[in-house]
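Visitor: So that we are looking at the same thing, I have put the structure below in structure tokens.
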Amino acid sequence: MRFLVKGRVFDTAKSDVVAQCHGEYVPNEFEEHFGAIVHYEDVLYRTGKSIFWLHEHHTVQYPDCEPVISDDMILLDSADDAVRWVELIRAGPIHGPSLPPRRGA
């Protein structure tokens, strides 16, 4: 999948997967998509120029309705942001290009 952001193309086929998380949840009455089941797969990528970005793929399934699929891209500001995302989400690392050590750690 390709995304165009700030005049640059970010391609899942040309970037390395660094970490990912996936699962499903049922939103509560105060959250968006109450009454549905949300399946998600979030993948952290690293380009050849060490730019980190997230691909968020979500499928929202309401009872008796067709699923609604969304694909979003988030460009991260730094490698430190990538490390924070992995720590916050507790994403599973992928064997391959590793994250740089966190500055100040």
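Readers should treat all values here as calculations from the given coordinates under stated rules, not as data from a laboratory. Values in this document were obtained by computation on a predicted structure and should not be read as measured data. Here the Cβ positions follow ideal geometry from the backbone for every residue, glycine too, while neighbour counts run over all protein chains shown.
Visitor: Per residue of the chain, what 222 nm ellipticity follows from adding -39500 (n - 2.57) for every DSSP H run with n ≥ 4, rounded to the nearest 500?
Guide: -3000 deg cm²/dmol
Visitor: Looking at 19, 40, 9, which one has the Cα that reaches farthest to the positive end of the dipole of region 1-92 (charges on Cβ: Lys, Arg +1; Asp, Glu -1)?
Guide: 9
Visitor: Once fully extended, how much extra length lies between residue 64 and residue 47, figured as 0.36 nm per residue of separation less the alpha-carbon to alpha-carbon distance?
Guide: Full extension from residue 64 to residue 47 adds 2.1 nm.
Visitor: Starting from region 1-77, pick out the chymotrypsin sites (Phe, Trp or Tyr not before Pro) whose DSSP state is loop and whose Cβ has at most 12 other Cβ atoms within 10 Å.
Guide: Those satisfying the criteria are 30, 34.
Visitor: Sticking with this structure for a sec: Once you list every other residue whose beta carbon is under 10 Å from the beta carbon of residue 54, what net charge do they have if Lys and Arg are +1 and Asp and Glu are -1?
Guide: The answer is -4.
Visitor: Would you compute, for the Cα atoms of the chain, the largest minus smallest coordinate along each principal axis and list the three values in descending order, in whole Å?
Guide: The Cα atoms of the chain stretch 46, 32, 24 Å along the principal axes, largest first.
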